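What follows is a single structure, written as structure tokens, with notes after it.
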Amino acid sequence: MNSAEIRDKFLKFFEAQGHTIVRSSSLVPGNDPTLLFTNSGMVQFKDVFLGTDKRNYVRAVSVQRCLRAGGKHNDLENVGYTARHHTFFEMLGNWSFGDYFKRESLKWAWELLTKVYGLPAEKLWATVYETDDEAYDIWTKEIGVPPERVVRIGDNKGAPYASDNFWQMADTGPCGPCSEIFFDHGPEIWGGPPGSPDADGDRYIEIWNNVFMQFDRQIDPATGQYTLSPLPAPCVDTGMGLERLAAILQHVHSNYEIDLFQTLIKAAARETNITDLSNNSLKVIADHIRATSFLIVDGVIPGNEGRGYVLRRIIRRALRHGHKLGQTKPFFFKLVKDLVAEMGAAYPELPEAAARVEMVLKQEEERFGETLEHGMKILESALAGNTGKLDGETAFTLYDTYGFPLDLTADICRERNVELDEAGFDAAMARQKSTARAAGKFKMAAAVEYTGDKTKFVGYESLAQSAKVIALYVAG
Ligand code: ATP
Ligand code: MG
Ligand code: MG
Ligand code: MG
């Protein structure tokens, strides 16, 4: 079953249960300035849960493009290391806004997985919050999952309700227990069942999270303690990773082996002249072309802070992997057309913006290409005489003069089993800032751009290049 059929079956199943199909929203949340990126399907419904937005439906279903590469959820460091994490992925989700609750949610999830998608029931596991007897009984008594495959998971991290099976939107506000469904990929793969010490392996892979918002959490001003009071109308919020489900349905273990990713990996291999498709760098490049293209589709441009800097960091990581494969010319932007062929039908905004996406990526490749090669030489020589730790001074020079984001240098160090002196990096950064301050107002003035009647500080790239002010600013 390919990705298109998986999306279609999900939407049709919940539509038949009275859900309204809602289109994916942008990766840049329109309703929440505190959130860097849309990291789950519920983001566009946040205000509905909080009661400040009303819709003309109480059941919704969507396939949401998500990004977990910054902010609260960050899987950037997992890409290339686990079989199941991407920066950009698609989340299949269904919602009840004060309508149905645990019973319907779990029963539909089970029916969809086992009957519509045909997953073998004996390979599915479920978790519930430790005190959630209601969900436990629905799984064991009503759906009939053997109790040995239903695991109670509690607060094992000390903080109140911080466990994986208790969800909260923020410190206060709507929250509640969740129930997650896992798939057992078999004993050939390392990992233990949910709740066990080896649960972080890739054998038992979490596929679907069902969140039951049933409490309002507040802080009692008198005692400073958290209080939980029942919400008048409990809600359901679910999310299932499309790529993880596709892996199961296509009888492969890793997300990177599914149809969609294989196409992108082949394209990356074509552009880098690599024949071994199992090369890890190809996976990273395939992941990153999705994340960066969709960010540009959604209006983000590479920059030095905020969302723009996340985009720049992801692009530069991809380019570094290209360099590792021997690629010295711009290649990354050439994968856009392959991505459009693969995902353009599901996301019409992608082909519409393709030319712009290619242009932005190509510019960024040309820009970084000039310093990547040189920076890599410096890094290689620092790593050659290395005693297990890369000094912060070198990491800072790479950052400041050669445009190596710290996470990029850290990633290379991780590949070589070398520790990165982050404290040393911070110290070098602080030193540079105070030197820059001492260097006086002249340079600051140089970094001011006049944009009509507004004046905006746009920053300068480094002391070494302080005369060269970056002219990248957003007018107005
Ligand atoms: P994990 O524990 O594997 O990191 P999670 O608990 O962080 O997943 P949720 O926040 O519960 O994930 O998101 C709901 C679903 O979205 C997950 O069950 C999974 O199928 C999918 N998902 C989450 N993160 C990713 C990711 N980085 N890449 C691909 N799919 C993901
Ligand atoms: Mg996670
Ligand atoms: Mg999890
Ligand atoms: Mg989860």
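The values are calculated or read from the model by the stated rules, or taken from the named source; none is laboratory data. From a predicted model like this one, the values you see are computed outputs, not experimental measurements. In this analysis, Cβ positions are derived from the backbone assuming ideal geometry, glycine residues included, and neighbour counts consider all displayed protein chains. Each accessible area value is taken on the protein alone, full model and side chains, heavy atoms only, with ligands, DNA and RNA left out. Shrake-Rupley method; radii C 1.70, N 1.55, O 1.52, S 1.80 Å.
Before moving on, here are some points about what is shown:
- Within the stretch 1-49, being touching a Gly at 6+ places or on another chain (Cβ under 7 Å) and β-branched (Val, Ile, Thr) holds for one residue alone: Val28.
- The stretch 14-28 - residue that is farther than 19 Å from His86 by Cα and part of a loop (DSSP other than H, G, I, E, B) and, of those, most open to solvent (accessible area, probe 1.4 Å): Arg23
- Residues in the stretch 84-101 that are within 12 Å of ligand 1 (Cβ to nearest atom), out of contact with any Leu (no Cβ under 8 Å at 6 or more places or on another chain), assigned to a loop (DSSP other than H, G, I, E, B) and open to solvent by less than 10 Å² (accessible area, probe 1.4 Å): His86 alone.
So that you can scan it fast, the table gives a plain yes or no per residue for (1) within 16 Å of ligand 1 (Cβ to nearest atom); (2) in contact with a helix residue (DSSP H, G or I) (Cβ under 9 Å, 6 or more places away or on another chain); (3) open to solvent by less than 20 Å² (accessible area, probe 1.4 Å):
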{"position": "Pro33", "(1), (2), (3)": "no, no, no"}
{"position": "Thr38", "(1), (2), (3)": "yes, yes, yes"}
{"position": "Gly41", "(1), (2), (3)": "yes, no, yes"}
{"position": "Leu50", "(1), (2), (3)": "no, no, no"}
{"position": "Asp53", "(1), (2), (3)": "no, yes, no"}
{"position": "Val58", "(1), (2), (3)": "no, no, no"}
{"position": "Gly71", "(1), (2), (3)": "yes, yes, no"}
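- The lone exception for Gln64 - which of (1) assigned to a strand (DSSP E or B); (2) of a type in the set (S, T, N, Q); (3) more than 12 Å from Ser24 (Cβ to Cβ) it fails: (3)
- Screening Val128 against (1) under 30 Å from Lys283 (Cβ atoms); (2) within 15 Å of ligand 4 (Cβ to nearest atom); (3) at pLDDT 95 or above leaves a single unmet condition, (1).
- Residues that are in a strand (DSSP E or B) and surrounded by fewer than 13 Cβ atoms within 10 Å (Cβ to Cβ) were ranked within the stretch 179-233; the one that is nearest to ligand 4 (Cβ to nearest atom) is Pro230.
- The set of residues in the stretch 267-281 that are part of a helix (DSSP H, G or I) and in contact (Cβ under 8 Å) with a residue 40 or more places away in the chain comprises Ala267, Ala268, Glu271, Thr272, Asn280, Ser281.
- Among the candidates Val310, Val300, Val284, residue that is assigned to a loop (DSSP other than H, G, I, E, B) and within 18 Å of the chain's Cα centre (by Cα): Val300
- One residue from Thr131, Thr114 being away from ligand 1 (no atom under 15 Å from the Cβ), touching a Gly at 6+ places or on another chain (Cβ under 8 Å) and among the polar types (S, T, N, Q): Thr131
- Selection over the stretch 76-94 of residues that are within 16 Å of ligand 4 (Cβ to nearest atom) and farther than 18 Å from Glu257 by Cβ gives a count of 4.
- Inter-residue pairs, beta-carbon under 8 Å, first more than 20 Å from Ala109 (Cα to Cα) and in the stretch 183-196, second loosely packed, with under 13 Cβ neighbours inside 10 Å and modelled with pLDDT under 95, 6+ apart: Trp190/Asp198; Gly191/Asp198; Gly191/Asp200; Gly192/Asp198
- Within the stretch 200-249, being within 29 Å of the chain's Cα centre (by Cα), under 30 Å from Val58 (Cβ atoms) and of a type in the set (Gly, Ala, Ser) holds for Gly239, Gly241, Ala246.
- In the stretch 166-187, the residue that is farthest from ligand 1 (Cβ to nearest atom) out of those that are small (Gly, Ala, Ser) and farther than 16 Å from Thr34 by Cβ is Gly186.
- For first residues located in the stretch 80-94 and touching a residue at least 12 places away in the same chain (Cβ under 8 Å) and among the acidic types (Asp, Glu), partners that are within 13 Å of ligand 3 (Cβ to nearest atom) and not in a strand (DSSP E or B) and lie 6+ apart or on another chain with Cβ distances below 6 Å do not occur.
- Residue within the stretch 386-393 that is buried (at least 17 other Cβ atoms within 10 Å of the Cβ), of a type in the set (A, V, I, L, M) and under 17 Å from Arg320 (Cα atoms) present: no
- Residue within the stretch 243-263 that is within 16 Å of ligand 4 (Cβ to nearest atom) and open to solvent by 30 Å² or more (accessible area, probe 1.4 Å) present: yes
- No other residue among Lys46, Lys9 is in a helix (DSSP H, G or I), touching a residue at least 60 places away in the same chain (Cβ under 8 Å), more than 29 Å from Lys141 (Cβ to Cβ) and away from ligand 4 (no atom under 16 Å from the Cβ) apart from Lys46.
- Each residue in the stretch 320-343 was checked for being open to solvent by less than 10 Å² (accessible area, probe 1.4 Å) and either of a type in the set (A, V, I, L, M) or not in a helix (DSSP H, G or I) (or both), and 5 of them qualify.
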